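Below: the structure, in structure tokens.
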Amino acid sequence: MLTLHYYPGNASLAPHMVLEELGVPYALELVDRTQGAQNSEGYRRLNPTGLIPTLVDGDQPIFETAAILLHLADRFPEAGLMPPVGTRERALAYQWLIHLTNTVQPAYITYYYPDRYSTDPAHAPAVKAAAEQRLNGMFDLLEKALEGKHYLLGDTVCVADHMLLMMVRWGRNFAGRPPRTLPNLGAHAARMVERPAVRQAFEREGLAAPWY
Ligand SMILES: N[C@@H](CCC(=O)N[C@@H](CS)C(=O)NCC(=O)O)C(=O)O
């Protein structure tokens with residue numbers, strides 16, 4: 001049995017979309033952040049980082065979004081959500097997924113929790129603005145990477161595309177230039193939310209429009 005511990009719109013959204021893509025049975029378990037449930041003893045036993053998401057596969061909890069995405073693609077290879085091992089396409093799928101989780105996502109953590117990045121609360125607005133500026137540069141790079149392509153790898157969707165949609169969504173309220181306003185990124189997001197699995201995950205999480 002697969003159980004995804006999630007909170008609506010959090011990093012759990014990418015694994016949720018992928019679970020829907022797979023069409024396999026799974027359960028959702030809400031980690032109620034409004035009650036600080038991510039810090040409860042029970043949740044920390046599954047995921048000692050106290051962060052969301054956690055996937056429990058059988059009796060094995062797994063944390064880190066990108067690791068969960070890769071594990072799901074490995075468990076259900078027939079879904080074709082990662083290219084075959086050892087191919088050029090697989091290398092590029094790793095490249096983009098790890099870039100998104102290792103570079104883009106941490107900039108979002110700074111954007112959403114600027115108070116954690118200075119001991120002086122007065123610095124928070126400037127820390128947030130600087131994070132948005134850095135993210136703009138990252139989205140310029142992703143915009144170029146999508147030139148002439150439907151998905152990050154070309155014509156075939158892979159789990160890095162679900163991660164990218166989530167990164168574009170998280171920037172929907174940018175003060176300056178939301179990533180959806182870049183033509184290739186906007187078209188990619190529109191294409192992704194046309195996928196029934198993606199819509200189903202957004203709807204099950206009760207996410208209100210605009211989705212990205
Ligand atoms: N690298 C981690 C980051 C997860 C993460 O930061 N999750 C956020 C929600 S999007 C969270 O749980 N925040 C709670 C907190 O920081 O206290 C992953 O991708 O799983």
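The values are calculated or read from the model by the stated rules, or taken from the named source; none is laboratory data. What you see is a predicted model, and the numbers here were worked out from it, not measured in a lab. As a convention, Cβ positions derive from the backbone with ideal geometry for all residues, glycine included, and neighbour counts pool all protein chains shown. What goes into the accessible areas is simple: the full protein's heavy atoms, side chains included, and nothing from ligands, DNA or RNA. Shrake-Rupley method; radii C 1.70, N 1.55, O 1.52, S 1.80 Å.
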Look through Arg204, Arg199, Arg134, Arg169 and report the one residue that is of a type in the set (D, E, K, R) and buried (at least 21 other Cβ atoms within 10 Å of the Cβ). Arg169
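Of all residues being among the charged types (D, E, K, R) and not in a helix (DSSP H, G or I) in the range 12-43, which is surrounded by the fewest Cβ atoms within 10 Å (Cβ to Cβ)? Just the residue, please.
My answer is Asp32.
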Note on Phe63: of the conditions (1) within 9 Å of the ligand (Cβ to nearest atom); (2) open to solvent by 50 Å² or more (accessible area, probe 1.4 Å); (3) touching a residue at least 40 places away in the same chain (Cβ under 8 Å), unmet is (3)
Starting from residues that are among the basic types (Lys, Arg) and out of contact with any Gly (no Cβ under 6 Å at 6 or more places or on another chain), keep the ones in the range 1-50 and report whichever is nearest to Arg199 (Cα to Cα). Arg33
Go through the range 177-190 and report how many residues are open to solvent by 60 Å² or more (accessible area, probe 1.4 Å) and over 16 Å from the mean Cα position of the chain (by Cα). 3
In the range 93-106, residues that are open to solvent by less than 10 Å² (accessible area, probe 1.4 Å) and either away from the ligand (no atom under 12 Å from the Cβ) or outside the structural domain of Ala160 (by TED's automatic domain parsing) (or both) total 1
From Glu78, Glu89, grab the single residue that is modelled with pLDDT of 95 or more, more than 17 Å from His162 (Cβ to Cβ) and surrounded by fewer than 18 Cβ atoms within 10 Å (Cβ to Cβ). Glu78
Looking only at helices (runs of 4 or more DSSP H) that fall completely inside the range 115-212, which ones have 3 or more residues that are more than 21 Å from Thr101 (Cα to Cα)? 124-145, 183-193, 196-204
